[in-house]
Amino acid sequence: MESLEKLRPLALLLLRAALGVIYIYHGYPKLFVNARGAMQMFGHMGFPSYFAIISGVLEFFGGCLLIAGLFARLAGLLLAGEMVIALWRVHGMFTHPAAVHNFEFPMVLAAAAFTIACLGPGAISIDRAIFGSRGSRSPRKSRD
C-alpha cells in the first residue's frame, strides 16, 4: 500500500481535473450560453432567479480553480455546499432516499469536492507552488 501512497499527487490531480471539467461543463452554459433560460429554470425550481448566475459562477470559476489547484480547498468546499443544496432542494435525496437514480451524480460530485476540500489539491498544484506545504498535513502513520 505504500507504493499507492506515492501516487497520491497524481490521484489528486486527476480527481481535480475530472471534477473541474464536469463543473465547467455545467457552469459555462449558465453564464455564457443561456443565462436567461437558466434563470427561468431556477425560478421554476423555487430559487430566486439570480441563483442561476451564482451557480454558474461557482461551477465555472470553481472548476477552473480546481483544475489549476489554486485555492482548491475553498473551491471544493463551496462546490460541495452547492451540491448539498441541490441534493436537498432539487434532487430529493432527503425526501425520497430510495430514488438513488435521481441524485447519484450530484452526490458523487459533492463527495469528490468535499474530498478536495479535506485533502487539499496535492503536490501537483499552484497552491503547492505558491504556498508550499503550509496548511497541508501529511497523514500520520499509525503506531501499530
* Asked: Which residue pairs have Cβ atoms closer than 6 Å, lie 6 or more positions apart in sequence or on different chains, and pair a first residue in segment 31-54 that is more than 13 Å from A86 (Cα to Cα) with a second residue that is in a helix (DSSP H, G or I)?
  -> L31/G56; L31/F60; A38/K30; A38/A52; M39/A52; S49/M39; S49/F42; S49/G43
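Quick one: which of R140, R89 is at pLDDT below 95, surrounded by fewer than 19 Cβ atoms within 10 Å (Cβ to Cβ), closer than 30 Å to E2 by Cα and of a type in the set (K, R)? Please lay out each step first, then the result.
On the way: R89 fails: closer than 30 Å to E2 by Cα.
Only one candidate passes the filter, namely R140.
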* Structure fact -> Checked A98, A111 against criteria (surrounded by fewer than 13 Cβ atoms within 10 Å (Cβ to Cβ), aliphatic (A, V, I, L, M) and not in a helix (DSSP H, G or I)); the one match is A98
* To do: Test A75 against the criterion of being buried (at least 21 other Cβ atoms within 10 Å of the Cβ) and either touching a helix residue (DSSP H, G or I) at 6+ places or on another chain (Cβ under 8 Å) or closer than 20 Å to S55 by Cα (or both), and give yes or no.
  => yes
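For every residue, the table says whether it meets (1) of a type outside the set (D, E, K, R); (2) surrounded by 13 or more Cβ atoms within 10 Å (Cβ to Cβ); (3) within 19 Å of A111 (Cα to Cα).
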residue: L10; (1), (2), (3): yes, no, yes
residue: R16; (1), (2), (3): no, yes, yes
residue: G27; (1), (2), (3): yes, yes, yes
residue: K30; (1), (2), (3): no, yes, no
residue: A35; (1), (2), (3): yes, yes, no
residue: M41; (1), (2), (3): yes, yes, no
residue: G46; (1), (2), (3): yes, no, no
residue: Y50; (1), (2), (3): yes, no, no
residue: L58; (1), (2), (3): yes, yes, yes
* Looking at segment 94-112, which of its residues are under 20 Å from F51 (Cα atoms) and in contact with a Phe, Trp or Tyr (Cβ under 9 Å, 6 or more places away or on another chain)? -> L109
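The values are calculated or read from the model by the stated rules, or taken from the named source; none is laboratory data. What you are looking at is a predicted structure, and each value in this text was computed from that prediction instead of being measured. Please note: Cβ atoms are built from the backbone with ideal geometry, for glycine as well, and neighbour counts cover all protein chains shown.
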